[in-house]
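Report on the structure given below.
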Amino acid sequence: MDWQTLYQAALDARLRAYAPYSKFLVGAALQTSDGTIVTGCNVENRSFGLCICAERTAVAKAISQGYDEFVALAVVTDCSPAGLPCGMCLETLTEFAKDLPILAGNLEGEKRHVTLRQLHPSPFEWPDNLPL
Ligand code: THU
């Protein structure tokens, strides 16, 4: 796993964030099973509820490009400790990867490795008996 390259992709993506309201720029980079890196940044909106996080931008981009197997995620923020994916992003990620290795880092160079399962051990499970 080339964390350096993945992390650099997230750093670059962070600079493309559209975050005029929070001024909190986030970059994400997903590595797919064939080694492709798909990046994302947060995209805010004047109607605040429409803001999308960097991680979910990356997921949506990857799926739309035909990738649905993810093997690693890097996220870059500018806070300490380095920001971890929010709950909505964790739930979104569990749809495609149950135990994704995640590297969260910040601009000071602090880095922490966690797993999706550590952060979100009990994702929603689609009930077998859902009355559809
Ligand atoms: N944000 C992300 O991009 N990822 C997260 O996991 C949490 C928060 C963004 C959303 C918003 O644009 C800004 O950070 C402040 O919440």
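The values are calculated or read from the model by the stated rules, or taken from the named source; none is laboratory data. What you see is a predicted model; the values in this text were computed from it and never measured. We place every Cβ from the backbone using ideal geometry, glycine too, and count neighbours over all the protein chains shown. Note: accessible area is taken over every heavy atom of the protein model, side chains too, but ligands, DNA and RNA are not part of it. Shrake-Rupley method; radii C 1.70, N 1.55, O 1.52, S 1.80 Å.
Quick notes on this one:
- Checking every one of the GluC sites (Glu not before Pro) in region 1-107 against DSSP loop status and a limit of 15 other Cβ atoms within 10 Å picks out Glu69, Glu95.
- The chain - accessible surface per residue (Å², probe 1.4 Å): 56 Å²
- For region 3-119, the fraction of C-alpha pairs farther apart than 17 angstrom is 48 percent.
- Of the solvent-accessible surface of the chain, computed with a 1.4 Å probe and all protein chains present, 54% belongs to carbon and sulfur.
- Under-5 Å amide H pairs with Cys51, H placed in peptide plane, nonlocal only: Asn45
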